[in-house]
1. Would you mention how many residues in region 309-343 are in contact with a Ser or Thr (Cβ under 8 Å, 6 or more places away or on another chain) and of a type in the set (S, T, N, Q)?
2. Say we look at region 115-164 and pick out the residues that are within 18 Å of residue 94 (Cβ to Cβ) and assigned to a loop (DSSP other than H, G, I, E, B); which of these is nearest to the chain's Cα centre (by Cα)?
3. Taking residue 277 as meeting all but one of (1) at negative phi; (2) at pLDDT 95 or above, write down the number of the exception.
4. Determine which member of the set 177, 233, 187 is over 25 Å from residue 131 (Cβ atoms), of a type outside the set (Gly, Ala, Ser) and touching a Phe, Trp or Tyr at 6+ places or on another chain (Cβ under 6 Å).
5. Filtering region 73-90 down to residues that are touching a strand residue (DSSP E or B) at 6+ places or on another chain (Cβ under 9 Å) and without any contact (Cβ under 8 Å) to a residue 24 or more places away in the chain, which residue is most open to solvent (accessible area, probe 1.4 Å)?
6. Looking at (1) closer than 23 Å to residue 99 by Cβ; (2) of a type outside the set (A, V, I, L, M); (3) assigned to a strand (DSSP E or B); (4) in contact with an Asp or Glu (Cβ under 8 Å, 6 or more places away or on another chain), which one does residue 225 not meet, given that it meets all the others?
7. Please report, ordered by residue number, the strands (runs of 3 or more DSSP E) entirely within region 237-313 with at least 3 residues that are more than 13 Å from residue 226 (Cβ to Cβ) and touching a helix residue (DSSP H, G or I) at 6+ places or on another chain (Cβ under 6 Å).
8. Could you please find all residues in region 123-145 being at pLDDT below 95 and among the polar types (S, T, N, Q)?
Amino acid sequence: MKFKSLGCALLAAGLLASGQTATAAAKTAACSWKPTALGSGTSVSAQVTATDDKGNFAGWALPNDDFGTLRRAASWTGGAFRDLGTAGTDGAVVTAENRSGAVAGTASYAMFGTGLFFEKAFKSSGGALVQLPLPAGYTRSAAVGITDSGDVIGVVRKQDGSGLTAVRWPADRPDAVTPLTGVPAGVGLAAVDTDGSIAFTNGDLWRDGTLTHLGTLPGLKYAWPDAISNGRVVGYGVYNGKNVGVYWDQQHAAHILAKSSYNLSNGNPRFSINSSGLITGRLDEANGGNDLAGTGYGVWDQGTFVGKFGDLKADLPVVIGDDGTVGGYRYDSATRHSTAYVWRCS
């Protein structure tokens, strides 16, 4: 891929020296994000939700609109679509992919007429999806991340939702599930880094049994993480009464993402970050975003705004890979279907 800006080159080449940051930010504003639709066979709808950081993606696809037919896990390798199945349930969605192309996710099903809902974490193994084991006394599980070594990290809980516990399914012990030690009790997992570090929804960071907390700023409230990569975290909060994106550097210091916003109510993508600190997320209305529709996205370089992303009304970026590609989707409000897309900087 040929880049036209230093900011785009950062996607592939790594960090710029601090003295170059302003120049990179200015030039990245001219970057053109070229969209390419990803095929999904005969499916009527599909979305990208994860990347291997090398230009391949995973997510889900919906075969048809018939009642009772739910989403199926899917992958796109070299642009080629593959239906991964449902891990033996009614529906499955990939939530994470590692650099080796292994995926993890959550399958779900309901017992009709009973009100009972089940979730089962799964991973890919031997070309198939396999459900991961549950500890005694638990009936529900969800996978949040998969490390480069193949460990799956997620949560388990009881049928009524109580007893939320962070766990690891080790790659070298496929029949084992291990509660993580030193983690905050009853707190949800927001994101998992490639080395197994975890960002929790309350702002705690966990690494190898050690717990720290993300920094804050005067006027910043309700700050929650969305994604973590190479020790850097991005999320959202309220700063002096305004909905904003928040970036935490490798020293855990907080930075407000200029020109950013968010809307949690419509389910559109939140913030994503790659290992070089490139961020995608929502723009505020003064800069082309639409808070009600939840559309209009931008790009930031380690907290510095560098430009708008693609078509502000149509493009919904979900994940940004280390190689500089972005995966996501476009949504058609008339058909209520989505099409999986990939964007490359040119």
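1. Count: 3.
2. Looking at residues that are within 18 Å of residue 94 (Cβ to Cβ) and assigned to a loop (DSSP other than H, G, I, E, B), I get 147.
3. The single condition residue 277 does not satisfy is (1).
4. None of the other options fit; the residue is 233.
5. We begin by selecting, within region 73-90, every residue touching a strand residue (DSSP E or B) at 6+ places or on another chain (Cβ under 9 Å); these are 73-77, 79, 81-90.
Subset that is without any contact (Cβ under 8 Å) to a residue 24 or more places away in the chain: 82, 90.
Numbers: 82: 117, 90: 75 Å².
Result: 82.
6. (4)
7. Working: elements: 242-248, 254-257, 278-282, 297-301, 304-309.
The qualifying strands (runs of 3 or more DSSP E) are 304-309.
8. 125, 139
The values are calculated or read from the model by the stated rules, or taken from the named source; none is laboratory data. In this text the structure is predicted, and so the values were computed from the model without any measurement. Here Cβ is always computed from backbone atoms with ideal geometry, including for glycine, and neighbour counts include all displayed protein chains. Keep in mind that these areas ignore ligands, DNA and RNA; they rest on the heavy atoms of the full protein, side chains included. Shrake-Rupley method; radii C 1.70, N 1.55, O 1.52, S 1.80 Å.
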